[in-house]
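Input: a single structure, listed below in C-alpha cells.
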Amino acid sequence: KRQAEAARIRDKYPERIPVIVEKVERSDIPNIDKKKYLVPADLTVGQFVYVIRKRIKLSAEKAIFIFVDNVLPPTGAIMSAIYEE
C-alpha cells in the first residue's frame with residue numbers, strides 16, 4: 001500500500017522523495033505532529049535529521065537516529081540515493 005502511494009507521489013513530484021517518519025515505541029522523544037514528508041531529492045540525511053529535530057523541538061543533548069529498513073544511513077548520503085536503494 002505504501003509503495004503504491006510512494007509511486008503515485010513520485011509520478012506527481014519527480015524532484016521530491018516521499019518519506020514516512022515513525023518513532024520507535026520505546027523512545028522517549030516527543031511525538032511528531034507530521035509523519036509524511038516530501039523532501040527535495042538532493043537533501044542529505046543530516047539535513048533531514050535537522051528538519052525533524054526542529055519539528056519535535058528536540059534539545060541538543062538528546063540523540064536522534066534515522067533508520068531506513070533497519071539500517072543507519074550515513075549523514076552525508078543524499079535522500080534520492082537512499083530511496084533508490
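The values are calculated or read from the model by the stated rules, or taken from the named source; none is laboratory data. Just so it is clear, the model here is predicted, and its values are computed rather than measured. Reconstructed Cβ throughout: ideal geometry from the backbone, glycine too, with neighbour counts over all protein chains shown.
Is one or more of the residues making up the stretch 4-18 under 22 Å from residue 78 (Cβ atoms), in a loop (DSSP other than H, G, I, E, B) and small (Gly, Ala, Ser)? No, because not a single residue in the stretch 4-18 is under 22 Å from residue 78 (Cβ atoms), in a loop (DSSP other than H, G, I, E, B) and small (Gly, Ala, Ser). Comparison of 49, 39 shows that the only residue that is in contact with a helix residue (DSSP H, G or I) (Cβ under 6 Å, 6 or more places away or on another chain) and either assigned to a helix (DSSP H, G or I) or at pLDDT 90 or above (or both) is 39. Filtering the stretch 51-65 to residues that are more than 10 Å from the chain's Cα centre (by Cα) and on the phi < 0 side of the Ramachandran plot leaves 53, 54, 55, 56, 58, 59, 60, 61, 62, 63, 64, 65.
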